[in-house]
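Inspection log for the structure reproduced underneath, given as structure tokens.
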Amino acid sequence: MKIRLDHVVKIFETFRAVKDVSLEVESGELVALLGPSGSGKTTILRMVAGLEFADSGNIYFGDQDATDIPVRDRGVGFVFQHYALFPHMTVAENIAFGMDVSKVKREKAAIRARVKELLRLVRLEGLGDRFPAQISGGQRQRVALARALAVDPKVLLLDEPFGALDANVRRELRRWLREIHTTLGITTLFVTHDQEEALDLADRVVILKDGHIVQQGTPEAVCRDPKSAFVMKFLGDANMLAADVRDGKAYADGAVIDAAGLADGKAELYARPGDLDWAPQGAGIAATISRVMDRPGGRRVIATTRDGVHLELDLEPERAVTSGDNGFVTLRRAKVFAA
Amino acid sequence: MRKRTGCTPPRVGDGPFFRRMLISIVLVVGAFLILAPLLIIGVEAFAKGWQVYRDTILHPDTRHAIMLTVLAALVAVPVNTAFGIAAAWAITKFDFRGKAFLLVVIEIPFSVSPIVAGVAYLFVYGLQGIFGPTLDAHGIKILFAIPGIILASMFVTAPFVARELIPLMQAQGRDLEEAATSLGASGWRTFFSVTLPNIKWALLYGVVLCNARVMGEFGAVSVVSGNIRGQTNTLPLHIELLYHDYQAAGAFASASILALIAVFTIIAKLALERRGAGRVRPAVNPAEKA
């Protein structure tokens with residue numbers, strides 16, 4: 001089912017707000033709404049679910065205007081951030097709940113069979129008789145998903161699906177959710193503030209700031225071509241240097257980089273730690289290494305320029321650098337935005 | 001605990017002298033202030049023998065007073081339970097203007113003296129009151145009759161259920177209800193299948209407290225009932241009447257019934273507390289390892 005948001009506005013008395021958001025999610029697509037807290041991403045998700053109603057604008061499910069359809073009749077599966085499992089019901093009863101209350105009456109045996117099938121899908125066979133308090137966080141997450149899938153939703157909505165889990169479980173569940181999505185092909189929209197999660201999981205990432213969409217595209221597009229300093233900074237570690245643009249080139253503290261299309265004047269140059277390199281001699285930004293942090297994949301080096309700017313560099317594990325070394329930071333690539 | 005060496009300063013209130021003194025004060029005060037009067041009721045009720053006790057209890061006026069008290073409870077408790085659930089639901093699950101005001105209104109009967117409530121009812125429903133003449137013209141009697149007693153009881157006990165439920169439902173949030181509706185459950189279904197099972201012990205606890213208060217209410221009821229023996233006397237009013245008639249044994253006998261109800265209430269309360277009523281369900285730690 002294709003979802004379309006058309007100029008949707010929702011203003012709260014608090015800081016949260018959604019200001020004129022238009023968005024299309026293709027049928028079968030897996031889309032991430034990514035943004036810092038207060039960017040309106042959860043509100044958008046709740047409006048798509050029907051848990052919140054837009055002040056203006058429309059939400060379409062396929063060709064149908066779903067703006068005023070209450071959540072009960074909207075046919076969405078919603079997975080809550082803290083799962084919202086019914087604590088007094090067993091795992092199997094939780095999963096069966098949607099079928100039990102459905103207007104479409106089902107045979108008890110049919111419901112039981114479907115619960116079993118779903119338990120297998122989320123790899124929780126044999127845990128049907130447990131209560132939510134008796135299973136782990138990752139298992140609860142999967143029960144919540146099974147419960148949402150039980151009502152055969154047209155759209156699956158997940159609010160910070162892995163927010164409350166620790167890093168290892170997160171990564172595993174992420175891969176697993178992607179598999180489930182590939183198997184079932186349900187149009188899925190999920191909210192996260194974790195860029196890694198959005199980039200790992202989604203077909204398309206929608207980046208929000210202060211209730212506006214600032215950029216959307218495939219993970220590759222948003223990573224390679226961030227359209228603003230905000231997106232650049234939000235997607236990952238970034239160093240910032242003040243730069244001057246003259247004749248299509250940006251000059252920053254001894255480094256020069258192409259900045260075609262930018263007007264002359266002040267600008268900000270952003271580079272990821274991996275975009276920077278270190279040269280003991282030669283040209284570049286003169287700097288002194290103030291700290292070296294060793295990580296499994298390489299060495300994170302903090303170099304301080306003569307202006308006192310700290311730059312973070314990712315170097316290969318073999319590079320012999322120690323704090324106190326003098327040398328030059330060179331740019332492999334960088335993004336320049338008008339200041 | 002490790003034994004304290006001389007140099008470590010004692011924690012506040014941890015000195016043996018202080019501890020013993022505090023415990024004895026509490027015990028002595030508790031015994032004189034609370035336990036002794038309760039025992040006296042038992043002793044005095046049977047002071048003139050089992051026969052007198054039985055006669056007092058079985059006297060038509062006493063029986064009528066008991067019936068009236070039970071009747072008041074049978075009406076006031078369910079009504080206030082429904083009110084309490086509705087109020088708690090409204091306050092915890094919806095956002096609306098005047099929410100804080102509603103919270104204050106619910107608390108009023110707790111802070112206002114019951115006799116003030118009784119007098120207020122006189123001014124609203126009394127013959128000189130706002131609705132009095134109209135009601136009288138239609139032959140409806142509220143004051144000095146059973147409806148007045150029930151209304152006064154309801155006023156006094158209105159907050160009990162709501163106050164038990166609000167903190168619990170606030171802590172539980174709206175997620176469960178939202179989950180249930182998103183799965184297609186109707187409002188009623190959501191309430192009975194999801195909300196109620198999670199608040200039932202606190203609800204029962206509130207009902208027990210509410211019931212105890214309805215049966216024991218004196219001040220408000222005494223103003224509006226008119227104290228007509230055998231007609232508008234509830235058990236507490238009946239006890240006062242007997243006492244003023246110098247029928248000490250009778251008064252104590254009737255009082256023993258109320259005391260008995262109170263003891264049962266406390267037992268029920270303790271049992272319910274053990275089931276977790278009034279306490280927030282320990283939150284399931286979501287950050288646990290899978």
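Comparing B:114, B:60, B:159 in a Gaussian network model of chain B, where Cα atoms under 10 Å apart are tied by springs, the biggest mean-square fluctuation is seen for B:60.
Within region B:49-274, what is the number of lysine pairs with alpha carbons under 28 Å apart, leaving out pairs fewer than eight places apart on the same chain?
Taking region B:49-274 as the scope, the lysine pair count is 4.
Within straight-line reach of residue A:249, meaning a Cα separation under 24 Å, sit the following lysines at least 8 residues removed in sequence or on another chain: A:227, A:233, A:266, A:335. A simple rule links phi to the HN-Hα coupling: the Karplus curve 6.51 cos²θ - 1.76 cosθ + 1.60 with θ = phi - 60°, which for region B:239-247 gives 4, 4, 4, 4, 5, 5, 7, 6, 9 Hz, with x for Gly and Pro.
Please order A:310, A:82, B:244 by the number of other Cβ within 10 Å, starting at the fewest.
Fewest-to-most Cβ neighbours within 10 Å comes out as B:244, A:310, A:82.
Once backbone amide H atoms are built at 1.01 Å from N, residue A:212 has A:19 as its partners under 5 Å, excluding neighbours fewer than 5 places away on the same chain. Electrostatic tally near residue A:249: other residues with Cβ closer than 13 Å to its Cβ, Lys and Arg +1, Asp and Glu -1, net -3.
If R0 is taken as 25 Å, the Cβ-Cβ distance between residue A:295 and residue A:326 corresponds to a FRET efficiency of 0.60. If you take the Cα centroid of region B:163-186 and the Cα centroid of region B:238-253, the two points sit 49 Å apart. Rounded to the nearest Hz, the phi-derived 3J(HN,Hα) couplings of region B:63-80 under the Karplus curve 6.51 cos²θ - 1.76 cosθ + 1.60 (θ = phi - 60°) are 4, 5, 4, 4, 4, 5, 4, 5, 4, 4, 5, 4, 8, 5, 5, x, 4, 5, where x marks glycine and proline. Extension gain for residue B:128-residue B:24 works out to 32.0 nm (0.36 nm per residue, less the C-alpha to C-alpha distance). Site pair residue B:248 and residue A:237 shows an inter-label distance of 8.8 nm when each label is modelled 7 Å from Cα along Cα→Cβ.
Can you give the net charge of the other residues whose Cβ lies under 10 Å from the Cβ of residue A:155, counting K and R as +1 and D and E as -1? Neighbourhood net charge equals +3. Of the residues B:192, B:123, B:264, the one that moves most in a GNM of chain B with alpha-carbon contacts below 10 Å is B:192. With both residues required to sit in the protein assembly as shown, DSSP beta bridges show an antiparallel share near 75%. With each label modelled as a point 7 angstrom along the Cα→C-beta vector, the residue A:117-residue B:103 pair spans 4.8 nm. Along the Cα-to-Cβ line of residue B:274, 7 Å from the Cα, sits a label point; which residues in region B:187-231 have backbone N less than 20 Å from it? It comes to B:200-209, nothing else. Taking the number of Cβ atoms within 10 Å of each Cβ as an exposure proxy, the fewest-first ranking of A:103, A:10 is A:103, A:10. What aspartates and glutamates does residue A:2 reach when the alpha-carbon gap must be under 12 Å and sequence neighbours fewer than 8 apart in one chain are set aside? Straight-distance partners of residue A:2: A:24, A:26, A:29, A:63, A:65.
Within the shell of other residues whose beta carbon sits under 15 angstrom from the beta carbon of residue B:41, the net charge comes to -1, with Lys and Arg scored +1 and Asp and Glu -1.
The count of lysine pairs in region A:3-226 that are at least 8 places apart or cross chains, and whose C-alpha atoms lie under 28 Å apart, stands at 17.
Karplus-based coupling profile of region B:193-198, in residue order and whole Hz: 8, 10, 6, 4, x, 8, with θ = phi - 60° in 6.51 cos²θ - 1.76 cosθ + 1.60 and x standing for Gly or Pro. Among A:157, B:58, A:235, B:102, sorting on how many other beta-carbon atoms sit within 10 Å of each Cβ, with the fewest leading, yields B:58, B:102, A:235, A:157. Averaging Cα coordinates gives a centre for region A:241-307 and one for region B:47-105; these two points are 76 Å apart. Taking 12 Å as the cut-off, no amide N atom of region B:40-77 comes nearer than this to a point 7 Å along the Cα-to-beta-carbon line of residue B:267.
Taking chain B as a Gaussian network of alpha-carbon nodes connected by springs under 10 Å, the highest mean-square fluctuation of the residues B:75, B:104, B:223 belongs to B:104. The amide H of residue A:336, built 1.01 Å from its N in the peptide plane, has A:270 as neighbours under 5 Å, considering only residues 5 or more places off or on other chains.
All of the numbers you see were taken from the coordinates with simple rules; none came from a lab. Everything numeric here is computed off the predicted structure, so don't read it as measured data. With ideal geometry, Cβ positions are generated from the backbone for all residues, glycine too; neighbour counts draw on all protein chains shown.
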